[in-house]
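Right, one structure below, let's go through it.
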Amino acid sequence: MRNLAFAAVFAFQPAVALASEAVTFDGSWKEQGFLRLFSNDYIQRGRQLDVISDGTVSLLWRPVGQSHRSAETASWAWRVREGVSATDLTIKGGDDRNLSVYFVFLDPDRADALANGSARRILREESARALIYVWGGAHELGSILPSPYSPRLRTKVLRTSDAGEHWESVDLARDFRTAFGENPGTLVGLAISADSDDTDGRIVASVADLVLE
(Lines give C-alpha, C1' and ligand atoms only; values in the text may rest on other atoms or scores of the structure.)
Protein backbone atom coordinates (compact mmCIF):
# COMPACT_ATOMS: atom_id res chain seq x y z
CA MET A 1 0.00 0.00 0.00
CA ARG A 2 2.80 2.42 0.80
CA ASN A 3 4.35 1.93 -2.64
CA LEU A 4 1.06 2.70 -4.41
CA ALA A 5 0.56 5.88 -2.40
CA PHE A 6 4.14 6.86 -3.03
CA ALA A 7 3.74 6.52 -6.78
CA ALA A 8 0.63 8.68 -6.81
CA VAL A 9 2.28 11.49 -4.84
CA PHE A 10 5.70 11.41 -6.47
CA ALA A 11 5.05 11.30 -10.21
CA PHE A 12 7.44 13.84 -11.76
CA GLN A 13 6.56 15.55 -15.00
CA PRO A 14 8.84 14.30 -17.80
CA ALA A 15 11.96 16.42 -18.20
CA VAL A 16 12.03 18.65 -21.26
CA ALA A 17 14.14 17.10 -24.04
CA LEU A 18 15.48 14.37 -21.75
CA ALA A 19 18.81 13.24 -23.17
CA SER A 20 19.49 9.70 -24.31
CA GLU A 21 22.24 9.48 -21.67
CA ALA A 22 19.67 9.20 -18.86
CA VAL A 23 20.62 6.64 -16.21
CA THR A 24 17.55 4.60 -15.31
CA PHE A 25 16.53 3.07 -11.99
CA ASP A 26 15.97 -0.35 -13.52
CA GLY A 27 16.69 -2.68 -10.64
CA SER A 28 20.43 -2.76 -11.29
CA TRP A 29 21.12 -0.36 -8.39
CA LYS A 30 22.01 -2.32 -5.23
CA GLU A 31 21.66 -1.28 -1.60
CA GLN A 32 24.87 -0.94 0.41
CA GLY A 33 24.51 -0.85 4.17
CA PHE A 34 26.75 1.00 6.59
CA LEU A 35 28.12 -0.33 9.88
CA ARG A 36 24.72 -0.54 11.54
CA LEU A 37 21.95 -2.61 10.03
CA PHE A 38 19.57 0.27 9.30
CA SER A 39 18.03 0.09 5.85
CA ASN A 40 16.09 2.60 3.76
CA ASP A 41 13.30 1.60 1.39
CA TYR A 42 14.07 2.20 -2.30
CA ILE A 43 11.57 1.84 -5.12
CA GLN A 44 13.19 1.75 -8.57
CA ARG A 45 10.67 2.85 -11.19
CA GLY A 46 12.61 3.42 -14.39
CA ARG A 47 13.26 7.13 -14.74
CA GLN A 48 12.48 7.71 -11.06
CA LEU A 49 13.71 6.45 -7.68
CA ASP A 50 11.55 6.81 -4.57
CA VAL A 51 13.14 6.71 -1.13
CA ILE A 52 11.72 6.33 2.38
CA SER A 53 14.12 6.71 5.30
CA ASP A 54 12.52 6.31 8.73
CA GLY A 55 15.23 6.54 11.38
CA THR A 56 17.45 4.63 8.95
CA VAL A 57 20.40 5.11 6.60
CA SER A 58 21.83 3.25 3.60
CA LEU A 59 23.12 3.87 0.12
CA LEU A 60 21.92 2.66 -3.29
CA TRP A 61 24.86 1.97 -5.62
CA ARG A 62 25.36 1.40 -9.32
CA PRO A 63 28.61 1.07 -11.33
CA VAL A 64 28.91 3.41 -14.32
CA GLY A 65 29.09 1.91 -17.80
CA GLN A 66 31.89 2.67 -20.25
CA SER A 67 29.81 5.23 -22.14
CA HIS A 68 29.46 7.43 -19.04
CA ARG A 69 32.97 7.18 -17.56
CA SER A 70 34.16 10.45 -19.10
CA ALA A 71 31.09 12.46 -18.05
CA GLU A 72 31.86 16.01 -16.91
CA THR A 73 28.35 17.25 -16.10
CA ALA A 74 25.22 15.82 -14.53
CA SER A 75 21.61 16.85 -14.06
CA TRP A 76 18.62 15.47 -12.20
CA ALA A 77 15.30 16.36 -10.58
CA TRP A 78 14.69 15.68 -6.91
CA ARG A 79 11.83 16.20 -4.52
CA VAL A 80 11.46 16.05 -0.74
CA ARG A 81 7.99 15.68 0.74
CA GLU A 82 9.13 15.00 4.31
CA GLY A 83 12.65 15.69 5.55
CA VAL A 84 14.93 15.86 8.55
CA SER A 85 16.02 18.97 10.41
CA ALA A 86 19.22 20.79 9.48
CA THR A 87 22.39 19.21 10.88
CA ASP A 88 26.13 19.85 10.83
CA LEU A 89 27.38 17.70 7.98
CA THR A 90 30.95 17.83 9.28
CA ILE A 91 30.12 15.98 12.52
CA LYS A 92 30.33 12.20 12.49
CA GLY A 93 27.19 10.62 13.84
CA GLY A 94 25.17 13.83 13.64
CA ASP A 95 25.03 14.49 9.92
CA ASP A 96 21.57 13.50 8.74
CA ARG A 97 20.47 14.85 5.35
CA ASN A 98 17.44 14.44 3.10
CA LEU A 99 19.22 13.23 -0.04
CA SER A 100 22.75 12.75 -1.30
CA VAL A 101 23.86 12.02 -4.87
CA TYR A 102 27.37 10.52 -5.11
CA PHE A 103 29.76 10.57 -8.08
CA VAL A 104 32.74 8.27 -7.47
CA PHE A 105 36.01 8.56 -9.40
CA LEU A 106 39.16 6.45 -9.67
CA ASP A 107 42.52 6.85 -11.34
CA PRO A 108 42.09 5.68 -14.95
CA ASP A 109 44.60 2.85 -14.54
CA ARG A 110 42.54 1.40 -11.66
CA ALA A 111 39.08 1.88 -13.16
CA ASP A 112 38.75 -1.38 -15.11
CA ALA A 113 39.97 -3.51 -12.23
CA LEU A 114 37.66 -2.03 -9.60
CA ALA A 115 34.69 -0.53 -11.43
CA ASN A 116 32.31 -3.43 -10.75
CA GLY A 117 33.13 -3.69 -7.06
CA SER A 118 30.99 -2.57 -4.15
CA ALA A 119 30.93 1.04 -3.02
CA ARG A 120 32.72 0.05 0.19
CA ARG A 121 35.50 -1.71 -1.72
CA ILE A 122 36.02 1.14 -4.18
CA LEU A 123 36.07 3.84 -1.50
CA ARG A 124 38.88 2.01 0.29
CA GLU A 125 41.04 2.45 -2.81
CA GLU A 126 43.71 5.12 -2.33
CA SER A 127 42.90 6.86 -5.61
CA ALA A 128 39.13 6.93 -5.01
CA ARG A 129 37.38 10.29 -4.67
CA ALA A 130 33.66 10.88 -4.16
CA LEU A 131 31.92 14.16 -4.92
CA ILE A 132 28.63 14.25 -3.00
CA TYR A 133 25.80 16.68 -3.72
CA VAL A 134 23.48 17.13 -0.76
CA TRP A 135 19.99 18.39 0.00
CA GLY A 136 20.20 19.24 3.70
CA GLY A 137 22.53 20.47 6.39
CA ALA A 138 22.93 23.72 8.32
CA HIS A 139 25.37 25.32 5.87
CA GLU A 140 25.38 28.02 3.23
CA LEU A 141 24.30 26.92 -0.24
CA GLY A 142 27.31 26.08 -2.37
CA SER A 143 29.48 25.15 0.61
CA ILE A 144 32.02 22.40 -0.06
CA LEU A 145 32.66 20.45 3.12
CA PRO A 146 35.12 17.78 4.24
CA SER A 147 33.56 14.49 5.23
CA PRO A 148 33.95 13.34 8.85
CA TYR A 149 34.24 9.77 7.54
CA SER A 150 37.02 9.90 4.95
CA PRO A 151 39.43 12.38 3.35
CA ARG A 152 38.39 10.86 0.01
CA LEU A 153 34.91 12.40 0.27
CA ARG A 154 33.74 15.98 -0.26
CA THR A 155 30.20 17.30 0.08
CA LYS A 156 28.66 20.21 -1.82
CA VAL A 157 25.43 21.63 -0.39
CA LEU A 158 22.86 22.35 -3.11
CA ARG A 159 19.67 22.75 -1.05
CA THR A 160 18.67 23.48 2.52
CA SER A 161 16.61 21.09 4.61
CA ASP A 162 13.25 22.48 3.46
CA ALA A 163 10.79 20.36 1.48
CA GLY A 164 10.19 21.10 -2.19
CA GLU A 165 11.13 20.12 -5.72
CA HIS A 166 14.14 21.29 -7.77
CA TRP A 167 16.03 20.63 -10.98
CA GLU A 168 19.82 20.52 -10.65
CA SER A 169 22.59 20.87 -13.23
CA VAL A 170 26.16 20.49 -11.96
CA ASP A 171 29.64 20.77 -13.44
CA LEU A 172 31.35 17.68 -12.08
CA ALA A 173 34.80 18.56 -13.39
CA ARG A 174 34.78 22.10 -11.98
CA ASP A 175 33.35 21.07 -8.60
CA PHE A 176 35.85 18.22 -8.34
CA ARG A 177 38.76 20.58 -8.92
CA THR A 178 37.41 22.98 -6.32
CA ALA A 179 36.83 20.20 -3.80
CA PHE A 180 40.05 18.21 -4.25
CA GLY A 181 42.47 20.59 -5.96
CA GLU A 182 43.09 18.21 -8.86
CA ASN A 183 41.42 17.00 -12.03
CA PRO A 184 38.91 14.17 -11.74
CA GLY A 185 39.84 10.66 -12.75
CA THR A 186 37.42 8.19 -14.32
CA LEU A 187 33.81 8.18 -13.16
CA VAL A 188 33.10 4.60 -12.04
CA GLY A 189 30.03 4.73 -9.81
CA LEU A 190 26.87 6.53 -8.74
CA ALA A 191 25.02 6.34 -5.46
CA ILE A 192 21.98 7.88 -3.81
CA SER A 193 21.39 8.00 -0.08
CA ALA A 194 18.96 9.32 2.52
CA ASP A 195 20.05 9.59 6.14
CA SER A 196 17.69 9.97 9.11
CA ASP A 197 19.14 7.70 11.79
CA ASP A 198 20.87 10.32 13.96
CA THR A 199 17.82 12.56 14.36
CA ASP A 200 15.40 9.59 14.31
CA GLY A 201 13.55 11.52 11.62
CA ARG A 202 11.64 10.54 8.50
CA ILE A 203 12.39 11.29 4.86
CA VAL A 204 10.04 10.77 1.93
CA ALA A 205 11.78 11.79 -1.29
CA SER A 206 12.45 11.03 -4.95
CA VAL A 207 15.14 11.46 -7.60
CA ALA A 208 14.35 11.40 -11.33
CA ASP A 209 15.82 11.97 -14.78
CA LEU A 210 19.48 11.50 -13.85
CA VAL A 211 21.58 12.43 -16.89
CA LEU A 212 25.35 12.26 -17.40
CA GLU A 213 27.08 14.11 -20.24
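The values are calculated or read from the model by the stated rules, or taken from the named source; none is laboratory data. Everything numeric in this text was worked out from a predicted model, so none of it was measured. Every residue, glycine as well, gets a Cβ built from its backbone with ideal geometry; the counts of neighbours run over all protein chains shown.
Give segment 157-189 a look and list any residue that's among the acidic types (Asp, Glu) and at pLDDT below 95, or say none. Can you show your working first?
As a first pass, look at segment 157-189 and keep what is among the acidic types (Asp, Glu): 162, 165, 168, 171, 175, 182.
Residue satisfying the conditions is Asp162 alone.
How many residues does segment 132-157 contain that are among the hydrophobic types (A, V, I, L, M, F, W, C) and under 15 Å from Ala194 (Cα atoms)?
Taking segment 132-157 and keeping what is among the hydrophobic types (A, V, I, L, M, F, W, C), we get 132, 134-135, 138, 141, 144-145, 153, 157.
From what is left, the residues that are under 15 Å from Ala194 (Cα atoms) are 132, 134-135, 157.
Of the residues in that region, 4 qualify.
Can you tell me which of (1) outside any loop (DSSP other than H, G, I, E, B); (2) surrounded by 16 or more Cβ atoms within 10 Å (Cβ to Cβ) is the one His166 doesn't meet?
(2)
Take Ser100 and tell me if it is without any contact (Cβ under 8 Å) to a residue 60 or more places away in the chain and on the phi < 0 side of the Ramachandran plot.
Details: without any contact (Cβ under 8 Å) to a residue 60 or more places away in the chain: no; on the phi < 0 side of the Ramachandran plot: yes.
When the stated conditions are applied, Ser100 does not pass them.
Looking at segment 62-87, which of its residues are touching a residue at least 40 places away in the same chain (Cβ under 8 Å) and more than 22 Å from His166 (Cα to Cα)?
To start, the set of residues in segment 62-87 that are touching a residue at least 40 places away in the same chain (Cβ under 8 Å) comprises 62-64, 67-87.
Selection gives Arg62, Pro63, Val64, Ser67, His68, Arg69, Ser70.
When you scan segment 86-97, do you find a residue that is in contact with a Phe, Trp or Tyr (Cβ under 8 Å, 6 or more places away or on another chain), over 18 Å from Thr178 (Cβ atoms) and either surrounded by 14 or more Cβ atoms within 10 Å (Cβ to Cβ) or not acidic (Asp, Glu) (or both), even just one? Please lay out each step first, then the result.
Narrowing segment 86-97 to residues in contact with a Phe, Trp or Tyr (Cβ under 8 Å, 6 or more places away or on another chain): 92, 97.
Still in the running and over 18 Å from Thr178 (Cβ atoms): 92, 97.
Now drop any that are not either surrounded by 14 or more Cβ atoms within 10 Å (Cβ to Cβ) or not acidic (Asp, Glu) (or both), which leaves 92, 97.
Among the residues of segment 86-97, at least one is in contact with a Phe, Trp or Tyr (Cβ under 8 Å, 6 or more places away or on another chain), over 18 Å from Thr178 (Cβ atoms) and either surrounded by 14 or more Cβ atoms within 10 Å (Cβ to Cβ) or not acidic (Asp, Glu) (or both), which makes the answer yes.
Can you tell me which of (1) under 21 Å from Ala22 (Cβ atoms); (2) buried (at least 22 other Cβ atoms within 10 Å of the Cβ) is the one Ser67 doesn't meet?
So Ser67 meets the others, but not (2).
So, in segment 67-125, how many residues would count as being modelled with pLDDT under 95, outside any loop (DSSP other than H, G, I, E, B) and in contact with a Pro (Cβ under 7 Å, 6 or more places away or on another chain)?
0
Report whether or not Asn183 is surrounded by fewer than 19 Cβ atoms within 10 Å (Cβ to Cβ), in contact with a strand residue (DSSP E or B) (Cβ under 9 Å, 6 or more places away or on another chain) and either aromatic (Phe, Trp, Tyr) or farther than 25 Å from Asp96 by Cβ (or both). Explain how you work it out, then say what you get.
Details: surrounded by fewer than 19 Cβ atoms within 10 Å (Cβ to Cβ): yes; in contact with a strand residue (DSSP E or B) (Cβ under 9 Å, 6 or more places away or on another chain): no; either aromatic (Phe, Trp, Tyr) or farther than 25 Å from Asp96 by Cβ (or both): yes.
When the stated conditions are applied, Asn183 does not pass them.
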